[in-house]
Amino acid sequence: MNPKYIMIGGFLGAGKTTTVSRLARHYMDQGKKVAIVTNDQTTDLVDTQSLRSQGFDVGEVAGACFCCNFNELTATVEKMSHGEQPDIILAEPVGSCTDLVATVLRPLQKVYGKPLEIAPYGVILKPSHGKKILEGKPGGGFSPKAEYIFRKQLEEADFILVNRIDELSQPEADHLVKLLEEQFPGRPIVRISAKTGAGFDKFIHQLEQKGSHGTRLMDLDYDVYAEGEAELGWLNSQINISSVKPLDLDRFLLDLVSGLLEKFRAEGAEAAHLKTIGLSEATYAVANLVSNETGPELSLPSSAQVTSANVVVNARVGIDPSVLDSQVRSQIAKSCEKFGAKFEVQTLQSFRPGRPVPTHRILETA
Ligand SMILES: Nc1nc2c(ncn2[C@@H]2O[C@H](COP(=O)(O)OP(=O)(O)O)[C@@H](O)[C@H]2O)c(=O)[nH]1
Ligand SMILES: [Mg+2]
């Protein structure tokens, strides 16, 4: 059997990593060999650390998105095979990327020399930003160019996943489904909760559909796409913290995320996704912020008291990267002071994503 390539798309903070983790466990429980590939514009990825901590086999494409670093995607998958092909490859693209059918799925079928089964391409709708963007109301938190990317991601989907139904009322979920049906007709819509697993039976059924998938090619204005991406400040950092007295790792991460949210609000800057992981010996905790409105979430608690930890921060915010840089440095100092900890910034990179220049762009389905 050829390996099955399952790519899960969706905007920053939509729930891709949580979904990939749940799917990986599902396929491993069936005795399948699963390889996960994460992706980011630079190194020090919270997603990689989080998925590895959960015991998965994870390869990383860091430095450019899959579309602009296609050869690295295929090389990473091959490196992970260790002479034995995985049955399932789960790939998570960067949440600000689109045009993935033409730049990843078609090239995997037409350029990559090895046979793969391409699963139907599912894209996750992020309800917090999705509602505002699909309702077309001004002040959705992002500029029209960033909203263009959000919509284009949904347009190229074979099917759409409405995530976080654990938090949505039935009328709220129905409203989102109606907006999607009107604006993106012809794509099956599946309601899921990546957190609880609700709806995953229907979701997995979609992934098992046979036929030709990943072929929904679309027009895309690369100028608008590039400008939309470049409106985001991007920051990845790794910090070591230590304290004499044990500190509560979960509370520390929540304090860091809450403090940063206050700073974003003070600047009128919308968070697309802020994610943090604290790693300490055998334990880890993950805290996230997916929009200014929804507030901080402790996604994976550690319930641990620690005297040292490696903290990784990944932020994608509608703000100048140099401002984001100083906000993160200042909040780290503030949270460490509050918890009586010392810190050392190991790495910190902040920038605006550059113009996407895909390795391949195939605009024919045949
Ligand atoms: N309540 C709830 N939270 C979720 C769900 N899916 C993801 N999240 C949370 O949303 C945040 C971002 O999820 P993540 O998987 O990292 O998103 P990604 O950026 O698309 O990979 C994390 O705090 C997750 O715990 C869900 O179905 N329900
Ligand atoms: Mg992710």
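The values are calculated or read from the model by the stated rules, or taken from the named source; none is laboratory data. Keep in mind that what you see is a predicted model, and the values were worked out from it rather than measured. Virtual Cβ from ideal backbone geometry, glycine too; neighbours counted across all protein chains shown. These area figures cover heavy atoms from the full protein model, side chains too; ligands, DNA and RNA do not enter into them. Shrake-Rupley method; radii C 1.70, N 1.55, O 1.52, S 1.80 Å.
One Cα centroid belongs to segment 319-366, the other to segment 70-113; the line between them spans 24 Å. A simple count of charges around Val286, restricted to other residues whose Cβ falls under 11 Å of its Cβ and scoring Lys, Arg +1 and Asp, Glu -1, yields -2. Ranking Cys67, His82, Ala102 by how far each Cα lies toward the positive end of the dipole of segment 59-115 (charges on Cβ) leaves Ala102 at the top. Under a Gaussian network description of the chain, with springs only between Cα atoms under 10 Å, the residue in Ile319, Ile204, Ile118 that fluctuates furthest is Ile204. Other residues within the sphere of radius under 12 Å centred on the Cβ of Leu232, judged by their own Cβ, net out at -2 (K and R +1, D and E -1). If only the Cβ of Lys and Arg carry +1 and only the Cβ of Asp and Glu carry -1, the dipole of the chain around its Cα centre is close to 300 debye. For Leu247, the residues 5 or more places off, or on other chains, whose built amide H falls under 5 Å of its own are Val306, Thr307. Think of a 1.4 Å ball rolled over the protein heavy atoms: the chain then has 40 Å² of accessible area per residue. Separation of segment 288-308 and segment 148-202, taken as the distance between their Cα centroids, equals 25 angstrom.
State the answer as a single residue: which of Phe150, Ile160, Pro171 lies farthest towards the positive end of the charge dipole of segment 125-190, with beta carbon charges of +1 for Lys and Arg and -1 for Asp and Glu, about the Cα centre. So the residue furthest toward the plus end is Phe150. Here, P(r) means the percent of Cα pairs in each 5 Å bin from 0 to the largest distance; for segment 100-158 it is 4, 17, 23, 17, 12, 11, 8, 6, 2, 0. Of the solvent-accessible surface of segment 96-164, computed with a 1.4 Å probe over protein heavy atoms with every protein chain present, carbon and sulfur atoms account for 55 percent.
Given the options Ala266, Ala64, Ala315, which has the most mean-square fluctuation in a GNM of the chain, springs set between C-alpha atoms less than 10 angstrom apart? It is Ala266. Rg over Rh for the chain works out to 0.95, using Cα positions for both radii and the Kirkwood form for Rh.
Size descriptors for segment 260-299 (Cα atoms only): Rg and Dmax, in that order, 11.8, 38 Å. Converting phi to 3J(HN,Hα) with the Karplus coefficients 6.51, -1.76 and 1.60 and the offset θ = phi - 60°, segment 87-100 yields 7, 10, 10, 9, 10, 10, x, 5, x, 9, 8, 9, 6, 6 Hz in sequence order, with x at every glycine or proline. Seen from all directions on average, segment 6-54 presents a Cα convex hull projection of 3.6 nm².
Shown here are the Rg and Dmax of the Cα trace of segment 167-209, at 11.3, 29 Å. Would you please state the base-10 log of I(q)/I(0) at q = 0.14, 0.19, 0.21 1/Å for segment 231-366, with intensities from the Debye formula using one equal scatterer on every alpha carbon? Taking Cα atoms of segment 231-366 as identical point scatterers yields -0.61, -1.01, -1.20. Remark: segment 68-130 projects, on average over all directions, an area of 5.2 nm² (convex hull of Cα atoms).
Quick check of the Kirkwood formula: for segment 20-88, what is the inverse mean of 1/r over all pairs of different Cα atoms, in Å? Intermediate results must be reported in sequence, preceding the final value.
On the way: mean 1/r = 0.0805 Å⁻¹.
By the Kirkwood definition, the hydrodynamic radius is 12.4 Å.
Across segment 341-357, rounded Karplus estimates of 3J(HN,Hα) from the backbone phi angles (6.51 cos²θ - 1.76 cosθ + 1.60, θ = phi - 60°) give 10, 9, 9, 9, 7, 7, 9, 8, 10, 9, 6, 9, x, x, 4, x, 10 Hz, Gly and Pro being marked x.
Quick one: if you take sqrt(5λ) for each eigenvalue of the C-alpha gyration tensor of segment 98-247, what semi-axes come out, biggest first, whole angstrom? All intermediate terms of the calculation are to be shown ahead of the outcome.
Details: eigenvalues 146, 102, 89 Å².
Semi-axes, largest first: 27, 23, 21 Å.
Give Lys263/Lys342; Lys4/Lys202; Lys132/Lys178 a once-over and call out the pairs whose C-alpha atoms are over 24 Å from each other. Pairs exceeding 24 Å: none.
Assuming charge only on the beta carbon of Lys and Arg (+1) and of Asp and Glu (-1), the dipole of segment 232-293 about its Cα centre is about 120 debye to the nearest 20. Three principal axis extents of segment 208-270 based on alpha-carbon atoms, in descending order, are 58, 37, 19 Å.
When Glu208, Glu92 are compared by accessible surface with a 1.4 Å probe, the order from highest to lowest is Glu208, Glu92. For the options Gly214, Gly259, Gly295, a Gaussian network treatment of the chain with springs between C-alpha atoms closer than 10 Å singles out Gly295 as fluctuating the most.
Selection among Gly186, Ala119, Gly136 by position relative to the dipole of the chain gives Ala119 as farthest towards the positive end (Cβ unit charges, Cα centre). Taken over the Cα atoms of segment 127-188, the convex hull encloses 81 Å³ per residue.
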